[in-house]
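Asks: The structure is given below, and queries will be raised subsequently.
Please treat every number below as a calculation from the coordinates, not as lab data. Note that the structure is a prediction, hence the values are computed from the model and not measured. Quick reminder, even Gly has a Cβ in these numbers, built from the backbone with ideal geometry, and neighbours come from all protein chains shown.
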Amino acid sequence: MRKLVVIPTYNEIENIQVLLPTLIQLQSDFEILVVDDSSPDGTAAFVENFAARESRVNLLLRKEKSGLGKAYIAGFKWGLEKNFDAFVEMDADFSHRPEDLAILLKELDSHDVVIGSRYVPGGETVNWGLLRKLISRGGSVYSRLILGFPTKDWTGGFNGWRREVLVAIGLDGIKSNGYSFQIELKYKAQKKGFKIKEVPIVFEDRRVGQSKMSLKIVLEAFYKVWMIK
């Protein structure tokens, strides 16, 4: 099974220059696709140079910054065209730990969808304030009540998908672009009856750089849940 780790970036030079060598050192058979939105800080240039030395790393350069969901969809489509069998979404800022990546990749051998979950036994968040914890947990409870499926972590972005799931969902029909993108994918996969497993992960706050989270993104995720169903 050919597996692709998709990492969207915008101004992540400080993180990506550490993350890529770290991932390459993992003893696992996967490739990496960095989807960069023309970062002005040199992220794409670093990835391009790294990819020239490491065949497992690829760069997809987009012309402008147009949202997390669109970046992932572009990465998924790139991988589908290259005949990859499974995909993992991963942040560039080390909030998703490289050591947890191996767990998601392994579980994709026997499950259609693997959710890296902060809210199943063994999962946790590190260095989060009370307000952020309330918003994140509240968003998942809210989504679970409205959408009617038992998933514990709806908003998390450390997820794995088999090829047939993405094809069945229909990427061109995805309505969301911000953090509600994760909710929509999980809902549509469950609605179609795919085999899903949540595995515990530890979610750490980003090491360096500026968070992309904002009040607008949070509010968008809450009201778009109603549009997804």
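Asks: Please determine, by comparing only the residues of segment 52-70 that are charged (D, E, K, R) and in contact with a helix residue (DSSP H, G or I) (Cβ under 8 Å, 6 or more places away or on another chain), which one is nearest to G170 (Cα to Cα).
Replies: R62
Asks: Another question about this same structure. Can you tell me which of L20, L33 is without any contact (Cβ under 8 Å) to a residue 60 or more places away in the chain and within 17 Å of F84 (Cβ to Cβ)?
Replies: Details: L20 fails: within 17 Å of F84 (Cβ to Cβ).
L33 is the lone residue from the list that is without any contact (Cβ under 8 Å) to a residue 60 or more places away in the chain and within 17 Å of F84 (Cβ to Cβ).
Asks: Could you check how many residues of segment 42-62 are part of a loop (DSSP other than H, G, I, E, B) and either touching an Asp or Glu at 6+ places or on another chain (Cβ under 8 Å) or at positive phi (or both)? Step through it out loud before you land on a result.
Replies: Going residue by residue through segment 42-62, those that are part of a loop (DSSP other than H, G, I, E, B) are 42, 54-56, 62.
Narrowing further to those that are either touching an Asp or Glu at 6+ places or on another chain (Cβ under 8 Å) or at positive phi (or both): 42, 56, 62.
Counting residues in segment 42-62 that are part of a loop (DSSP other than H, G, I, E, B) and either touching an Asp or Glu at 6+ places or on another chain (Cβ under 8 Å) or at positive phi (or both) gives 3.
Asks: More than 24 Å from S66 (Cα to Cα), assigned to a helix (DSSP H, G or I) and out of contact with any Pro (no Cβ under 6 Å at 6 or more places or on another chain) - does that describe any residue in segment 170-177?
Replies: Checked against the condition, which is being more than 24 Å from S66 (Cα to Cα), assigned to a helix (DSSP H, G or I) and out of contact with any Pro (no Cβ under 6 Å at 6 or more places or on another chain), segment 170-177 yields no hits at all.
Asks: Let me spell it out: the conditions are (1) surrounded by fewer than 20 Cβ atoms within 10 Å (Cβ to Cβ); (2) over 13 Å from I183 (Cα atoms); (3) more than 13 Å from the chain's Cα centre (by Cα), and F94 meets all of them except one. Which number is the exception?
Replies: (3)
Asks: Does K133 satisfy the condition of being over 29 Å from N83 (Cβ atoms), among the charged types (D, E, K, R) and touching a residue at least 24 places away in the same chain (Cβ under 8 Å)? Quick ask: steps written out before the conclusion?
Replies: Working: over 29 Å from N83 (Cβ atoms): yes; among the charged types (D, E, K, R): yes; touching a residue at least 24 places away in the same chain (Cβ under 8 Å): no.
Criteria not met by K133.
Asks: Could you grab the pairs with beta carbons closer than 8 Å, sequence gap of 6+ or different chains, first residue in segment 168-188 and more than 24 Å from V141 (Cβ to Cβ), second one part of a loop (DSSP other than H, G, I, E, B)?
Replies: Here the result reads A168/K192; A168/F194, each pair linking segment 168-188 to a residue that is part of a loop (DSSP other than H, G, I, E, B).
Asks: In the set L105, L101, which member is under 24 Å from A71 (Cβ atoms), in contact (Cβ under 8 Å) with a residue 24 or more places away in the chain, surrounded by 18 or more Cβ atoms within 10 Å (Cβ to Cβ) and touching a strand residue (DSSP E or B) at 6+ places or on another chain (Cβ under 6 Å)?
Replies: From the options L105, L101, the qualifying one is L105.
Asks: Also: Which residues, counting only those in segment 76-96, are touching a strand residue (DSSP E or B) at 6+ places or on another chain (Cβ under 7 Å) and without any contact (Cβ under 8 Å) to a residue 60 or more places away in the chain?
Replies: Within segment 76-96, just W78 meets the criteria.
Asks: Quick one: which helices (runs of 4 or more DSSP H) sit completely within segment 66-166 and have at least 1 residues that are among the acidic types (D, E)?
Replies: Per the criteria, 68-81, 98-107.
Asks: Picking from R56, R2, R118, which residue would you name as being among the basic types (K, R), under 26 Å from G178 (Cβ atoms) and touching a strand residue (DSSP E or B) at 6+ places or on another chain (Cβ under 9 Å)?
Replies: R118
Asks: Only one of these conditions is not met by T151: (1) touching a residue at least 40 places away in the same chain (Cβ under 8 Å); (2) β-branched (V, I, T); (3) surrounded by fewer than 22 Cβ atoms within 10 Å (Cβ to Cβ). Which number is it?
Replies: With respect to (1) touching a residue at least 40 places away in the same chain (Cβ under 8 Å); (2) β-branched (V, I, T); (3) surrounded by fewer than 22 Cβ atoms within 10 Å (Cβ to Cβ), T151 is out only on (3).
Asks: Which number in (1) in a helix (DSSP H, G or I); (2) under 14 Å from the mean Cα position of the chain (by Cα) marks the one condition that N15 misses?
Replies: (2)
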